[in-house]
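Just so it is clear, none of the values below were taken in a lab; they were calculated from the coordinates. Everything numeric in this text was worked out from a predicted model, so none of it was measured. Methodologically, a virtual Cβ is constructed for each residue, glycine included, from the backbone with ideal geometry; neighbour enumeration extends over all protein chains shown.
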Amino acid sequence: MSEIQIPEKLEPDCNNCQGLCCVAPRHSIEDGFPLHEDKRMGEPCQHLELDPASIQGLYRCQIHANLKQLGWATCAGYTCHGAGQAVSAFFEEMGIKWSEEFPDPKNLEEIDARDNKVGNFFFGFLALAEVFRFLEHINRRYGPSAFLRSKDAVKELMPEFCRELESEDSTVDYVNWVTVKFDRVIKDAIYGVTKKIVSTSAEPTTNSSIVPASRLSARSKS
Ligand code: SF4
């Protein structure tokens, strides 16, 4: 089994992503989305549609050229730092497209209850978007040496992370991966360069209104 590749540059490649940032996260009115009610995790955005020109069957934002004018500035300002294409490629190798498994809008609790792999697909994206954001922060704050060491440390954990993502029997523990496992190896790597215990980033997303209770602690559905 291959594993998730960390992009050379932590930049998104939307042409090779299954539109994950438009499906996996919750979009809330509070965060500036022009919605009448919050979009649930795992529910495709109303503006995401199958691109008729895409032979891979990819979904595209139909208002992408006019996001700011139409009030969707939050989308225009968002970056996954390359997590989208990295996680999409990994699941595509297993033959998994979320849109084929769940063609009708669903929320992540429903998806998670029915299909661990698709649930893990979305949580894998959300977790790696956080981790790649940590790495980008380290690059800016501590320089290339700390960045490369941190990236190598994340790479070393990737096989274990991928094994959990591809498992049909268990769900990836988002919070444990983001705030404990990846966080610890990144901090250790930076310590090797700066000899200081540092903060990796702003607090990662662990809010239970964003992360369903089912993902707040390790568990198995087997
Ligand atoms: S408006 Fe476009 S970019 Fe924003 S979530 Fe919807 S489909 Fe994605």
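Below, the figures for the structure above:
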{"quantity": "Order of Met158, Met41, Met94 under a 10 Å beta carbon neighbour criterion, fewest first", "calculated": "Met94, Met158, Met41"}
{"quantity": "Rounded FRET efficiency, nearest 0.05, which uses the C-beta distance separating Ser145 from Ile63 and R0 of 30 Å", "calculated": "0.15"}
{"quantity": "30 Å Cα-Cα reach of Lys187 towards lysines, excluding residues that sit fewer than 8 places from it in its own chain", "calculated": "Lys9, Lys117, Lys151, Lys155, Lys195, Lys196"}
{"quantity": "Whole-Hz ³J(HN,Hα) from phi, Karplus 6.51 cos²θ - 1.76 cosθ + 1.60, for the range 68-82, glycine and proline x", "calculated": "5, 4, 8, x, 9, 4, 4, 5, 4, x, 8, 9, 8, 6, x"}
{"quantity": "Net charge dipole size for the range 46-108 [Lys, Arg +1 and Asp, Glu -1 on Cβ; Debye, nearest 20]", "calculated": "300"}
{"quantity": "Selected from Pro144, Cys21, Gly119, residue furthest toward positive end of dipole (the range 1-151; charges at beta carbon)", "calculated": "Pro144"}
{"quantity": "Cβ-Cβ FRET estimate between Glu168 and Asp104, R0 fixed at 35 Å, reported to 0.05", "calculated": "0.95"}
{"quantity": "Interchain or long-range residues, amide H under 5 Å from Tyr59's placed H", "calculated": "Asp51"}
{"quantity": "Along the chain, longest interval not containing exposed GluC sites (Glu not before Pro), exposed being DSSP loop plus at most 11 other Cβ atoms within 10 Å", "calculated": "38-167"}
{"quantity": "Set of lysines with alpha-carbon distance to Lys39 below 16 Å, sequence-local pairs under 8 removed", "calculated": "Lys106"}
{"quantity": "Sparse-neighbour loop sites [trypsin sites (Lys or Arg not before Pro); the range 1-103; at most 15 other C-beta within 10 Å; DSSP]", "calculated": "Lys9, Lys68"}
{"quantity": "Two-decimal Rg to Rh for the range 14-194 - Kirkwood Rh, Cα set", "calculated": "0.98"}
{"quantity": "Ellipticity estimate at 222 nm from DSSP helix runs (n ≥ 4, -39,500 (n - 2.57)) divided over the chain, nearest 500", "calculated": "-12500 deg cm²/dmol"}
{"quantity": "Dipole magnitude of the range 14-194, debye to nearest 20 (Cβ charges: Lys/Arg +1, Asp/Glu -1, about Cα centre)", "calculated": "900"}
